[in-house]
Every structure is written in C-alpha cells, then in structure tokens.
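Heads up, the thing below is written out as structure tokens.
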Amino acid sequence: KSSRREQSGGGKHSLSTASHLRRIGVMGGTFDPIHYGHLLAAEEAYFSLGLSEVLFVPTGLPPHKNRQQVSLAEDRYTMTLLATVDNPHFKISRLEIDREGTSHTVDTLREMRHWYPAGSVTFYFITGLDAVLDIHNWKEPEEIVSLCKIVAVSRPGYNPHRLEDLPPSIRRAVIPLEIPHLAISSTEIRRRVGQGRSIRYLTPWPVEHYIYKKALYHRRNGW
Ligand code: ATP
C-alpha cells in the first residue's frame with residue numbers, strides 16, 4: 001500500500017481532485033546504464049506535455065534481450081535512482097524489476113492503471129522514435145494504444161516522417177516530440193567502459209562512479 005501511495009504522487013504538480021486528469025509520463029527502458037539521452041527525453045516530455053510527473057520503470061528482463069546481455073536488475077535500478085533522485089518530478093518504480101521473467105509494456109500499463117481511480121489518469125509512454133517504429137514487434141500494440149498515448153522522442157539517425165508508415169490506429173496515439181539530439185546509447189557507454197575510455201558527460205557522475213565501483217561492463221566480450 002505504501003509503495004502505491006509513493007508512486008502515485010503527492011508532488012507539487014499533482015492534482016488533488018478526481019475531476020482533474022493527471023498526466024503521468026512513463027519512461028521505460030533497460031537503463032543499462034541510464035544516460036543523458038534518457039534524462040533529456042523525460043525532462044522535455046515533462047515540460048512540453050505538461051505532465052504531473054515522470055515515472056522511470058527499469059525493465060526486468062526485456063523481451064528482446066537475453067539474461068547474459070543485461071546487467072543485474074538491482075544495479076540498473078540503483079543507477080536509475082542515482083540519476084533521477086535530484087529531480088523533484090522524476091519518480092522510479094520497481095514494478096518490472098520485481099516481476100519474474102520477461103517484461104511487456106502492455107502488462108505494465110494494465111497494472112499501473114489500477115493504481116489510480118478509474119478515469120483519473122492519462123498515461124504518456126515516453127519512448128525513442130527507434131522503438132516506436134518497431135511497435136509491431138511489441139506485445140499487443142493495439143491494446144497499448146488504448147491504455148496510453150505514446151510520446152515518440154526524436155533520436156539521431158531516425159527519420160520522424162517514418163511515423164506516417166504506422167497503421168492509422170497506432171499513429172493516432174503517437175505524439176512526436178522533437179528534442180535536442182544526443183547521440184548517446186547505453187551500448188556505446190558499455191563499449192567505452194570495456195575499452196577503458198571516458199564516459200564522463202554521457203551520464204550523471206554518480207552513475208559513472210557506480211559503474212566503476214561495481215566494475216560493471218568490464219569483463220564482458222562484445223561490448
Ligand atoms: P541499448 O544501447 O542498450 O540498446 P539504449 O541507449 O537504446 O540502450 P534503452 O534503455 O534501451 O537505452 O532505452 C530506453 C528508451 O530511451 C528507448 O525508448 C530509447 O529509444 C530511448 N532512448 C535511448 N537513448 C536515447 C537518446 N540518446 N535520445 C532519445 N531517446 C533515447
């Protein structure tokens with residue numbers, strides 16, 4: 001119960017009466033590690049769409065990645081916490097981390113809907129353009145767009161005009177959001193750590209320190 005209360009709000013932007021719609025941003029990701037690309041996307045969505053808060057949801061085991069490829073959920077959760085803790089309108093949820101097995105967006109949204117009184121919340125699922133263009137590979141895309149709006153943030157290398165290729169029923173739920181482009185990816189950060197190169201200014205320094213302290217991304221091949 002207490003965790004539900006914690007996740008569902010009380011911040012300065014939250015609205016107290018049921019007649020007001022809360023607009024909750026949901027930023028899902030593997031966050032292996034979290035970096036400034038993720039944080040900027042969430043911050044831009046928060047202000048551009050007038051959101052009440054942004055809830056970061058690190059995935060358990062993502063459907064498209066296998067267990068050997070992904071760092072421990074607890075490490076990814078801790079790094080996400082370290083990166084978001086100084087922002088009063090960012091929150092973080094253990095929902096997917098604590099769930100056994102593969103995480104699907106549709107199941108997460110279905111569960112989160114029950115945290116709030118019926119009809120009192122609109123979810124804005126914030127995700128990169130690259131992921132939105134791949135939405136036909138997600139579980140139950142039609143159901144997803146009935147549960148949330150999808151905020152497609154621009155990402156270097158992906159053409160926003162390709163959104164027009166989406167089926168109309170999906171396209172209607174997508175809000176394109178142009179953000180300053182940061183060509184940062186978790187893959188690149190892992191690769192740099194493996195090569196002994198600097199990752200300073202790609203991710204907040206507490207995350208950088210955590211990576212070194214826990215010796216993440218060092219002993220793996222292919223990164
Ligand atoms: P990886 O390199 O391991 O695939 P990633 O950097 O893409 O990871 P994820 O945790 O998979 O990070 O991404 C979570 C979400 O954030 C995705 O929707 C992704 O499109 C988006 N995202 C990641 N990096 C950026 C960026 N630099 N700019 C905008 N969106 C981004």
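Which aspartates and glutamates have a Cα less than 16 Å from the Cα of Lys139, not counting those fewer than 8 places away in the same chain?
Straight-line reach from Lys139, under 16 Å: Glu96, Asp107, Glu111.
Just for the Cα atoms in the chain, what are the lengths along the principal axes, largest first, rounded to whole Å?
For the chain, the Cα extents along the three principal axes come out at 53, 43, 33 Å.
Please arrange Lys214, Lys149 by how many other C-beta atoms lie within 10 Å of their C-beta, fewest to most.
Fewest to most other Cβ atoms nearby, the residues stand as Lys214, Lys149.
Give me Tyr77, Tyr116, Tyr212 sorted ascending by neighbouring Cβ count inside 10 Å, so fewest comes first. Don't skip to the end; give the middle numbers.
Numbers: Tyr77 20, Tyr116 17, Tyr212 12.
Least crowded to most crowded, the residues run Tyr212, Tyr116, Tyr77.
Tell me the relative contact order for the range 92-160 as a rounded percent, counting alpha carbon contacts under 8 Å between residues six or more apart. Numbers along the way, then the final one.
Values: 55 pairs, mean separation 26.1, N = 69.
Taking the mean separation of contacting Cα pairs over the length of the range 92-160, I get 38 percent.
Could the peptides 170-183, 80-93 be put in order, highest first, of the mean number of other beta-carbon atoms found within 10 Å of their residues? All intermediate terms of the calculation are to be shown ahead of the outcome.
On the way: 170-183: 14.5, 80-93: 18.5.
Most protected by this proxy first, the peptides run 80-93, 170-183.
For the range 43-164, what is the charge dipole size about the Cα centre, in debye to the nearest 20, if Lys and Arg each add +1 at the Cβ and Asp and Glu each add -1 at the Cβ? Please list the in-between numbers first.
Working: 12 positive and 17 negative charges, 14 e Å.
Using Cβ point charges on Lys, Arg, Asp and Glu, the range 43-164 gives about 60 debye.
At a 10 angstrom cut-off on C-beta neighbours, averaged per residue, how do the peptides 23-34, 45-56 rank from highest to lowest?
23-34, 45-56
Read-outs: derived from the displayed coordinates by stated rules, not from any lab. None of these values were measured; they are calculated from a predicted model. Note: ideal-geometry Cβ built from the backbone for every residue, glycine included; neighbour counts use all protein chains shown.
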